[in-house]
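I have placed the structure first, in the form of structure tokens, so that the comments after it can refer back to it.
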Amino acid sequence: GGSCYDETMCKHDTPNGEVDVECPDRIRFIWEKLQLAGVTQRCVVLGGSKAEDKHLKLVHTKKHVNFVKSISTKQKDSRRNRIASVLDSIYLNGGSSEAAYLAAGSVVNVAEKVAEGELDCGFAIVRPPGHHAEADEAMGFCLFNNVAVAASYLLNERPDLDVKKILIVDWDIHHGNGTQKMFWKDPRVLIFSVHRFKVAGNAYVARYDHGSFYPAGDDGDYNMVGEGPGKGFNINVPWEQGGCGDADYLAAWDHILIPVTKEFNPDIILLSAGFDAAIGDPLGGCCVTPDGYSVMLKKLMEFAQGKIVLALEGGYNLESLAKSSLACVQVLLEEKGIQCSSGAYPLESTRRVVRAENRELRYNVFADSDTLMTSNENLKNLSADKNPADAILHEVEELKSLWAARDGELEARRKELKAKKMELETWLMLVGAREDEFRGLRAKVESLMRERDEAVAKAECLDKELQEERPRRRLENEEMDMDSEDEDMDMDSEELEHDLKTMSREFKKDINLVFEKFKKDNELFIGELKKERELAITAAVITTRYQVCREWKSQGTLSLELKFAAEVYHKLPLFD
Ligand SMILES: [Zn+2]
């Protein structure tokens with residue numbers, strides 16, 4: 001066997017380092033895996049070969065070939081991104097053109113060597129992939145349809161090799177729309193593609209696949225069987241849902257592909273080997289194991305004297321891609337014992353699809369196939385069996401919806417609790433603010449009461465002073481009158497009397513001033529206290545509320561705060 005790898009195909013990459021699933025590491029990973037496993041030493045290793053334009057033009061238009069040829073030139077640098085942006089799932093850079101020529105040329109080269117008998121079989125580890133590329137259009141990561149170019153080359157350019165019938169098996173999870181169109185009317189090429197497919201109007205399925213799966217056209221349906229002389233030579237097995245595994249693929253193999261291949265008896269088999277149905281693939285959503293691929297490949301190696309060529313298509317979980325590729329190479333080198341996983345049953349939808357396909361085939365070119373008839377009988381028996389996998393699947397679905405309902409309930413409860421928590425937090429904040437407010441007011445009331453007490457004491461003191469002052473002044477006045485009479489009654493009596501009157505007037509004036517001032521101060525102070533009384537009442541009310549809150553919380557007895565508030569409240573009317 002031979003394998004073909006060329007690092008140059010890694011030059012095809014996103015233009016600005018964007019991350020893309022169809023990345024250069026895909027083929028690097030495969031190659032490293034093969035080297036680590038030592039299989040590259042035991043097979044013929046071929047470098048890449050550049051495709052010739054005339055071979056590409058066997059399936060592509062001249063315009064398309066020129067487009068891919070010129071896409072990486074300097075002149076296209078400024079326009080390349082814009083050109084790629086109008087295409088469906090295509091990126092382009094300076095290495096795209098060379099990689100596309102190498103991918104197509106390498107598959108042609110390996111196919112030629114296998115057809116010639118120079119190699120028993122081969123694996124072309126190439127990218128960009130090819131099966132979506134149409135005659136005049138690049139799409140779905142594909143620039144040239146590598147496998148179609150190789151098939152057409154063997155049939156049309158190498159009559160000497162006597163290749164008259166080619167079976168193309170496409171196990172990539174996506175429909176090989178390009179390959180199908182290229183050999184639509186050609187009975188020399190039997191195409192078998194198994195892929196996920198949109199199912200219109202089926203709500204159950206739409207829930208899984210949202211009604212579509214790339215490339216999302218109607219081309220991948222099971223009733224697309226070819227046309228004219230090619231009618232019946234195009235076989236689609238459209239999976240209705242993800243989750244297909246080894247058992248589903250083997251059901252399609254045993255009940256469709258293998259009986260049909262026996263009937264068709266190909267001279268060589270080209271395998272569009274995409275590994276995106278492999279377990280863990282981010283696009284495929286299926287779960288074919290490396291062992292599953294081994295069995296599928298081994299079953300095909302029974303035909304065409306084992307002349308089989310694998311050409312890499314998709315496959316985007318690097319680890320799964322590399323493991324599946326290694327398993328296939330080991331089968332090609334016949335180094336691997338085949339393990340068929342027993343006990344697994346195909347999905348109900350798989351049996352439905354396979355039955356429909358089987359029926360379709362018997363109405364077409366393989367109508368008289370005994371093997372197909374037998375296979376269909378076997379299939380009926382398989383369906384009649386009670387399938388534990390379906391029962392478990394059904395149970396799991398029910399549990400899932402139950403969990404979803406519980407999740408909804410829990411979510412609602414969580415929201416409710418969150419709202420209550422927020423309410424409580426707001427309330428606590430409010431209580432805290434009122435507590436501070438209350439403390440401030442209490443301090444103010446205390447200081448006001450102190451001032452009032454001082455003012456009252458001062459007023460009493462002044463009153464007492466005044467009481468003592470009045471009789472004393474009167475006595476002094478009398479004494480002075482007597483003295484003046486005694487000493488100089490004649491000379492100074494008038495003058496003295498005048499002085500005394502003045503003094504008395506001034507003294508009275510002073511006393512009045514002091515008294516007026518005191519009265520005024522006292523009135524101002526009392527006015528202020530009256531104003532503050534309103535605040536004190538508010539404080540008392542708040543204290544009571546606060547206490548109620550405290551009571552609510554601790555169920556304790558009335559606190560000092562409440563007593564204080566009551567006292568304050570009762571003292572205040574004194575100023576009325
Ligand atoms: Zn694919």
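Coordinate-derived values only; no laboratory data. This structure is a prediction, so every number in the text was calculated from the model and none was measured. For neighbour counting, all protein chains shown are included, and Cβ atoms are generated from backbone atoms with ideal geometry for every residue, glycine included.
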Can you list the HN-Hα couplings for the range 17-31, worked out from phi with the Karplus curve (6.51, -1.76, 1.60; θ = phi - 60°), rounded to whole Hz and with x for Gly and Pro? x, 5, 7, 9, 5, 8, 10, x, 4, 4, 7, 4, 4, 4, 5
Taking amide H positions as placed in the peptide plane 1.01 Å from N, state which residues far from residue 46 in sequence (5 or more) or on other chains have amide H under 5 Å from it. 3, 4, 5
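Just to confirm a number: summing +1 for Lys and Arg and -1 for Asp and Glu over residues other than residue 119 whose beta-carbon lies under 12 angstrom from that of residue 119, what do you get? Walk me through the intermediate numbers first.
Numbers: positive: 113, 307; negative: 112, 116, 118, 120.
Taking every other residue near residue 119 into account, the sum is -2.
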Output wanted: per-residue J couplings in Hz (rounded whole) for the range 170-184, from phi through Karplus 6.51 cos²θ - 1.76 cosθ + 1.60, θ = phi - 60°, x for Gly and Pro. 10, 9, 4, 5, 9, 5, x, 4, x, 4, 4, 5, 5, 10, 3
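In the structure shown, do any of 509/531; 113/299; 69/185; 231/298 have a Cα-Cα gap over 25 Å, and if so which?
Working: 509/531 33 Å; 113/299 22 Å; 69/185 28 Å; 231/298 28 Å.
The pairs that break the limit, which is 25 Å between Cα atoms, are 509/531; 69/185; 231/298.
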Out of residues 5 or more away from residue 235 or on other chains, whose amide H comes under 5 Å of its own, with H placed 1.01 Å from N in the peptide plane? 191, 192, 193
Separation of alpha-carbon centers, the range 403-433 and the range 125-169, rounded to whole Å: 63
Sort the following peptides by mean Cβ neighbour count (other Cβ atoms within 10 Å, averaged over residues), highest first: 520-527, 143-150, 298-305. 143-150, 298-305, 520-527
Ordered by packing density, taken as the mean number of other Cβ atoms within 10 Å over each peptide's residues, highest first, how do 135-141, 154-160 rank? 135-141, 154-160
According to the square roots a ≥ b ≥ c of the eigenvalues of the Cα gyration tensor, what is the shape class of the range 2-119, taking rounded for a/c under 1.5, prolate for a/b larger than b/c otherwise, and oblate for the remainder? oblate
Amide H neighbours of residue 310 under 5 Å, counting only residues 5+ apart in sequence or on other chains, H built in-plane at 1.01 Å? 122, 123, 124, 271
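Listed highest first by mean packing, meaning other Cβ atoms within 10 Å per residue, what order do 221-232, 180-191 come in? Write out the running numbers ahead of the final one.
Values: 221-232: 16.1, 180-191: 21.5.
Most protected by this proxy first, the peptides run 180-191, 221-232.
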Dipole check, the range 1-144, charges on Cβ (K,R +1; D,E -1), about Cα centroid: among 19, 75, 92 the Cα furthest to the positive pole belongs to 75
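Can you tally the net charge around residue 303? Count Lys and Arg as +1, Asp and Glu as -1, for every other residue whose Cβ sits under 10 Å from the Cβ of residue 303.
On the way: positive: 262, 299, 307; negative: 267, 302.
Local charge sum for residue 303: +1.
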